[in-house]
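Q: One structure is given below, represented as structure tokens, and several questions about it will come after.
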Amino acid sequence: MIFKLIRTGLLLSLLFLSIVVKAQISHGGEPLFKNAAATSNLKLVELPKFKAISKSIMENDRNFGVKLKHAQYAYSFNVDYNIEKDGVWEELNDGRRVWRFSVKSEGAYSLGIEFSEFRIPFGAQLFVYNDQSNRILGSYTRENNKKSGKFSIEPLVGDELTIEYIEPSEVEFPAKLSIKTILHDYKNIFNLLKDSKVKTSGECNVDINCPEGNGWQTEKRSVCHILYNGWIASGALVNNTRQDGTPYLLTAFHVIHEQEVADAAIFYFNYENSECGGNDGERSQSISGSTLRATTSNLDFTLLELSVQPPLSYSPYYAGWDRSGRVPVNTTCIHHPSGDVKKVSLDNDAPVTATYSDARYTFDENTSWQILNWEVGTTEGGSSGSPLFDENHRIIGDLTGGDASCGNSVNDYFAKFSSSWANYSNINQQLKYWLDPLNLGVEIMNGFDPSFKINERSRCVGNDFTVEAIVNEDAENMFWDFGEDATPTQAVGPGPHNISYSSVGNKSIELSYRSSGVDIEISRDVKVIDLTKLRFDYTIQKRQLTLINQSVDFDSFTWNLGDSNTSEELSPSHEYHNYGEYTVSLTGTNDCGSASVSRQIEMNYDKLLSVYPNPSVDKFTVDLSKIIYSEISWSVYSSAGMEVKNGVIPSYSNTIEFNLKGLSAGIYILRMNVDGEILKRKLLLVK
């Protein structure tokens, strides 16, 4: 199904309030000194002047044949300023203390800050502002403290800025604030958009909210604009098999492949014009910082986990994916070329398998999709890491680079999602470990939309569970379709609605409504379970029993091993003191309750060995599937005691097969030595 969604302002329920507070970069409030005369002698620190940069690293790279599609926008000053030795402190009459620090980099269009230490106590606030802009960044509070201790603040227009830190009279610990990097914007990429005569990206680029993007209003919500270390790129939120909203974000290796860079990156969501050809895009929804989960220099992908979940107010969407490697019929890319608002590019034809190579990188052979020609739009510097979608609206790659531009939109290369999946076995070099945490082995995964919630605690056959939409106030004509075997099958209104299913399996719940004149459709899968899929098998090796749990849809297990021992492992092994017969039982628990199953297990090789067919006209097979052994030697004897066949099996096999064709009919004896234990069977050969 092709979903049509617009960016909706989602209402925040109490359930998500704590997430929202942590996810937003700023928390409101006002500084004390922006519009007031300071009573202290605040000195402006001026950074060294540097020669105007005529060519960025990106442009220099192109001279050497590098065609990567990230782009530099700022010069990075390495500095060493901190709250203990720089700036000025002032104590207020109410006992609060204020620390301020001002810095200037002449000629900068904007300045950004990266804190190498950022830890402030409860009740404290930090703001960033200047006299050149009406915008105030902050407040930043204890909620912005991160495990890494680092924090990045987005660029503020102008070539100077002031940091104002307000501390309560009593705090649990003194603030730690150290600045390691100041970013001097020399390209003005953030302000060109405000000039109606000048656009940041090429004229051939198409806004995501133009007619060409109508079919991509769901997936666009996964795509973000990335700022990192003075560079710009793109990326996309991706779903995982738990479908739990873990904020995994896919981008390119050449964009981010070091934890230090991931710590300082800023991710902007919903940076787009509200209508086709408009001029109102704003970077107002952002998240600072991430953790590097997987990447490798052999494949141009990186998987990050954002420092917090994007709140529902960001209307996040976790894009689906296809790891099969199937060649798509056509493709679509959603991206931020040259740091511009969100754009869409369309290729009406199938891509081809290719190898990306340039003066800087050569990635593994045949691990890229090559777009031969974009029929709509193009890509540019800043598009790197953006997702490539197939005709089913699932991600199949991320952008590396190529020749495409508005003048000649040909030959772009995307790292294949299928190659990034598990071409390398280390979990920090593959997508599989992170995006398939349930180890389902699925090749395709649909997207996840958290804008309606499902209470799955009673997802058992016949039991009620609830669904509820969390949408904006102007939503109308809300209609639910719960699918086959559901009671009820349909409903209207936001809910909550109680539903139940009479059969097990994956059920698709569909919600449609109209908002701001646009028809919206959302789909969510829920798995309905019961207690019938509890089962196990086993093998033995002398007195060692290994249990093989084959159960499906259970959350926890308890084993009774029949000799007063128990286990809660998934598939335990256990050594018995004596041979004999034991009753082994397994109890499994899930949302439906508990169930148990038992088996009588004979801890004796002789009882587990079987021969078939017996009698036989020539061929015999010995079933050893329940026995784990190191070595087996075997012989077949006639009734007179003469050996007629023999063999040795030095390694494990489920069966032994031998042919007595040509021998006289009668009774024969099979003698087996299994790790020192002698087993015998009568064989009846007939004509």
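The values are calculated or read from the model by the stated rules, or taken from the named source; none is laboratory data. Keep in mind that what you see is a predicted model, and the values were worked out from it rather than measured. Heads up, the Cβs are rebuilt from the backbone with ideal geometry, glycines too, and the neighbour counts pull from every protein chain shown.
Q: Of the numbered conditions (1) modelled with pLDDT under 90; (2) at negative phi, THR489 fails exactly one; give the number of that condition.
A: Result: THR489 fails condition (1) only.
Q: For THR589, state whether it is within 44 Å of the chain's Cα centre (by Cα), farther than 30 Å from ILE669 by Cα, touching a residue at least 24 places away in the same chain (Cβ under 8 Å) and not in a loop (DSSP other than H, G, I, E, B).
A: yes
Q: Among the strands (runs of 3 or more DSSP E) contained in region 1-110, which hold 3 or more residues that are modelled with pLDDT of 85 or more, touching a strand residue (DSSP E or B) at 6+ places or on another chain (Cβ under 6 Å) and of a type in the set (D, E, K, R)?
A: 97-104
Q: Here's another thing I want to ask about it. Considering region 540-585 alone, what residues qualify as being of a type in the set (Ser, Thr, Tyr) and either without any contact (Cβ under 8 Å) to a residue 12 or more places away in the chain or assigned by TED's automatic domain parsing to the domain that holds ASP464 (or both)? Walk me through it before giving the result.
A: Quick first cut of region 540-585, residues of a type in the set (Ser, Thr, Tyr) only: 546, 551, 556, 558, 564, 566-567, 571, 573, 576, 579, 582-583, 585.
Residues satisfying the conditions are SER564, THR566, SER567.
Q: Also, quick follow-up: Counting just the residues of region 230-246 that are part of a strand (DSSP E or B) and over 12 Å from the mean Cα position of the chain (by Cα), which one comes out farthest from SER523 (Cα to Cα)?
A: Top of the filtered list is TRP231.
Q: Now for a separate question. Quick one: which of THR621, THR655 is at pLDDT 90 or above and not assigned by TED's automatic domain parsing to the domain that holds THR558?
A: THR621
Q: Look through SER169, SER152, SER139 and report the one residue that is of a type in the set (Gly, Ala, Ser), at pLDDT below 95, outside the structural domain of ASN229 (by TED's automatic domain parsing) and over 36 Å from the mean Cα position of the chain (by Cα).
A: SER169
Q: Go through region 627-675 and give me each residue that's at positive phi and in contact (Cβ under 8 Å) with a residue 60 or more places away in the chain.
A: Result: ASP675, single match.
Q: Now, a different point. Which one is surrounded by the fewest Cβ atoms within 10 Å (Cβ to Cβ) among residues in region 352-376 that are charged (D, E, K, R), under 27 Å from ASN205 (Cβ atoms) and in contact (Cβ under 8 Å) with a residue 60 or more places away in the chain?
A: Only one residue tops the list, namely ARG360.
Q: Here is a list: GLN243, GLN309. Which entry is touching a helix residue (DSSP H, G or I) at 6+ places or on another chain (Cβ under 6 Å), polar (S, T, N, Q) and more than 26 Å from LEU111 (Cβ to Cβ)?
A: Result of the check over GLN243, GLN309: GLN309.
Q: Would you mention how many residues in region 343-367 are polar (S, T, N, Q) and either outside the structural domain of GLY215 (by TED's automatic domain parsing) or at pLDDT below 95 (or both)? Write out each step before concluding.
A: Step one: of region 343-367, the residues polar (S, T, N, Q) are 345, 348, 353, 355, 357, 362, 366-367.
Keeping just the survivors that are either outside the structural domain of GLY215 (by TED's automatic domain parsing) or at pLDDT below 95 (or both) gives 357, 362.
Of the residues in that region, 2 qualify.
Q: Can you go through PHE482, PHE536 and tell me which one is more than 25 Å from ASP623 (Cβ to Cβ), aromatic (Phe, Trp, Tyr), surrounded by 13 or more Cβ atoms within 10 Å (Cβ to Cβ) and touching a Ser or Thr at 6+ places or on another chain (Cβ under 9 Å)?
A: Of PHE482, PHE536, the one residue that is more than 25 Å from ASP623 (Cβ to Cβ), aromatic (Phe, Trp, Tyr), surrounded by 13 or more Cβ atoms within 10 Å (Cβ to Cβ) and touching a Ser or Thr at 6+ places or on another chain (Cβ under 9 Å) is PHE482.
Q: Something else about it: Could you tell me whether ASN506 is over 20 Å from THR466 (Cβ atoms), outside the structural domain of THR218 (by TED's automatic domain parsing) and either outside any strand (DSSP E or B) or modelled with pLDDT under 90 (or both)?
A: Spelling it out, it is not the case that ASN506 is over 20 Å from THR466 (Cβ atoms), outside the structural domain of THR218 (by TED's automatic domain parsing) and either outside any strand (DSSP E or B) or modelled with pLDDT under 90 (or both).
Q: Can you work out which of the residues in region 307-351 that are of a type in the set (A, V, I, L, M), closer than 22 Å to LYS416 by Cα and surrounded by fewer than 24 Cβ atoms within 10 Å (Cβ to Cβ) is nearest to the chain's Cα centre (by Cα)?
A: VAL327
Q: If you don't mind, there's one more thing I want to ask. Considering only residues that are modelled with pLDDT of 95 or more, surrounded by fewer than 23 Cβ atoms within 10 Å (Cβ to Cβ) and over 21 Å from ALA71 (Cβ atoms), which ones fall in region 252-300?
A: Across region 252-300, the qualifying residues are GLN259, THR291, LEU292, ARG293, THR296, ASN298.
Q: Does region 150-171 hold any residues that are outside any loop (DSSP other than H, G, I, E, B) and more than 19 Å from TYR186 (Cα to Cα), and which are they?
A: Passing the criteria: PHE151, THR162, ILE163, GLU164, TYR165, ILE166, GLU167.
Q: Taking the residues in region 539-553 that are under 40 Å from the mean Cα position of the chain (by Cα), of a type outside the set (Gly, Ala, Ser) and not in a strand (DSSP E or B) as candidates, determine which candidate is farthest from ASP675 (Cα to Cα).
A: Ranking the qualifying residues of region 539-553, first place goes to ASP553.
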